[in-house]
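The values are calculated or read from the model by the stated rules, or taken from the named source; none is laboratory data. In this text, all values refer to a predicted model and were calculated from it rather than measured experimentally. Positions of Cβ are generated from backbone atoms using ideal geometry, with glycine treated the same way; all protein chains shown enter the neighbour counts.
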Amino acid sequence: MASALVLAAAVPAPAPGVAEPAVAAAEFLAHEFSRLGDGYPDPVSPGNTDAGLMADALLAMHRAGVEPAAQAKATAKLRAHFFSATIVSAGLTGKDLIVAVEQGVNPRQWGKDSKGDTIDLIARLGAAQGSAGAFEDTAVGGARTPANVFGQALALIGLHKAGIGNPAGKAVLLRQQCPGGGFRLNVPAGGETAQCASDTDASADTTAMGVWALVEIGGHRQQVARGLGWLRAHQDPATGAFSADPKTPAQVNTNSSGLAAMALALGGDGAAASRATGWLAAMQVPASVPVPAMAGAIAKSQTDLDAIALDAKAFWLKRSGADNVGKQDGVRRATAQALLGLSAAVPGPVPPRPPDNPPPGTVLPGTVPPGSPGRGAPGPGLPGGRHSGVLRTEPAGSAPPTAAEAPASGSAGPVPSAQPVPSTTSPPDQVGQARALEPRPASFWAGPNGIAAAVLAGLLFAAGTFWLLVRRRGSRS
């Protein structure tokens, strides 16, 4: 009993109702924080950290309820991140405010900006709100434009968590809901008071953000119900997953699916949410992956998961264009947003992979595998495993998925406040790659030394208890 108590104290329990895939995904994000110096590198601004993605990961890890020490270190790193005194991103400021409240940090003393002034996240959001109620981004030179629905929603969620209502901002968000129930991405410049009149621009990502904000704020059941209805109508019937663009429903990805699953769960549709998280769990990289650092990560798509199964090392170290951290950034981004959904709903079952879309390396009847001396020889099979034991996929014949690559701010480009600054850190090709293939450090309590220590502590506790009982009886006699 004593040894069990020691182990329980050493390993914090996840949040109630959080399933194993969510815990494994959160541990992947925590390990990446540790491997990369408590921050994630910015693929757009070499030498800097990606504040938006770091906040995404912290929001998701908080919901999973695991790795509090890693969360605390990453929060400290985020607070030290460069914060422009003049360039404003309402979405990033809103995310920082949510992180501050959830991590127990005073949001009015978040850190220091580029001028050395104290960062008051609440005051800065107030200053970023226009007269019509829309939160605005400020670019270099001082030009202000309405934030998109991601920024509006995140600002409202952050203020609500800080105990501050904002009726004007809420009214602007409600006007972004289109006739079919979905939410459009962009608030038209000068048209903050205009109601969305077309479903053309609605997407799973923006609708999920709108629903999340309305559920957090409370009330507006009719609008929430319409948003949930739009999500259900655009959920892939074969997998339960979601696409970033409703015009290409077969191109499902884990980023969009994670946000949509969270919104469905928060809105009370656990069945639809579990269908989405069942697919998300099937996209999880197994613990048996040859690159230990990848264990527990969520692949962006079935295509990426198949590539990892064929050659995990090549995938993990792959680079493209100016993205010096290559596929690693995409995996971290997909895992952070997928974890939002996995933490909100227990994964349900999903259909098996269609027979006409087999795993890579599978030999179909009547074919000859490469290098085989004859017909019908067995294929090499799929290395590793899956959480559910069965590969999941999009419907057969779908095009390679396109991911919702943007962080939870939803911006199409670099976060405005993540202004490049001179850096003295190692180049990203060293930061992101040098330790990429190192084995993941095992927990002390999970190894043989930890088990032995726990058993010894239990024996000492039992011996001490016995000695006290014997001494008490002797004193009575």
Task: Single residue of the stretch 223-241 satisfying the filter (among the aliphatic types (A, V, I, L, M) and touching a residue at least 60 places away in the same chain (Cβ under 8 Å)) that is nearest to Ala299 (Cα to Cα) - done: Ala241
Task: Unmet requirement for Ala273, which otherwise passes all of (1) buried (at least 24 other Cβ atoms within 10 Å of the Cβ); (2) over 16 Å from Pro21 (Cβ atoms) - done: (2)
Open item on the list: Looking at (1) more than 23 Å from Ser203 (Cα to Cα); (2) assigned to a helix (DSSP H, G or I); (3) of a type in the set (S, T, N, Q), which one does Ser114 not meet, given that it meets all the others?
Closed with: (2)
Task: Set Val211, Val215: member being modelled with pLDDT of 95 or more, more than 18 Å from Ala128 (Cβ to Cβ) and crowded, with 24+ Cβ neighbours inside 10 Å - done: Val211
Open item on the list: Looking at the stretch 193-209, I want the residues that are free of Cβ contacts under 8 Å to residues at least 40 places away in the same chain and have a partner that is outside any loop (DSSP other than H, G, I, E, B) and aromatic (Phe, Trp, Tyr) with Cβ atoms under 8 Å, at least 6 apart or on another chain. Which pairs are those?
Closed with: Cys196/Phe183
Task: Residue ID - nearest to Asp245 (Cα to Cα), chosen from residues in the stretch 158-192 that are in contact with a Phe, Trp or Tyr (Cβ under 7 Å, 6 or more places away or on another chain) and not in a loop (DSSP other than H, G, I, E, B) - done: Gln177
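Can you tell me which residue is farthest from Glu136 (Cα to Cα) among those in the stretch 154-168 that are crowded, with 24+ Cβ neighbours inside 10 Å and in contact with a helix residue (DSSP H, G or I) (Cβ under 6 Å, 6 or more places away or on another chain)?
Step one: filter the stretch 154-168 for residues crowded, with 24+ Cβ neighbours inside 10 Å, giving 154-156, 158-159.
Imposing the further condition that a residue be in contact with a helix residue (DSSP H, G or I) (Cβ under 6 Å, 6 or more places away or on another chain) reduces the set to 154-156, 158.
Working: Leu154: 12, Ala155: 10, Leu156: 13, Gly158: 15 Å.
That would be Gly158.
Yes or no: Phe83 assigned to a helix (DSSP H, G or I) and among the aromatic types (Phe, Trp, Tyr)? Talk me through it step by step, then tell me what you get.
Numbers: assigned to a helix (DSSP H, G or I): no; among the aromatic types (Phe, Trp, Tyr): yes.
So Phe83 fails the test.
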Task: From the options Ala225, Ala143, Ala233, residue that is surrounded by fewer than 22 Cβ atoms within 10 Å (Cβ to Cβ), at pLDDT below 95 and aliphatic (A, V, I, L, M) - done: Ala143
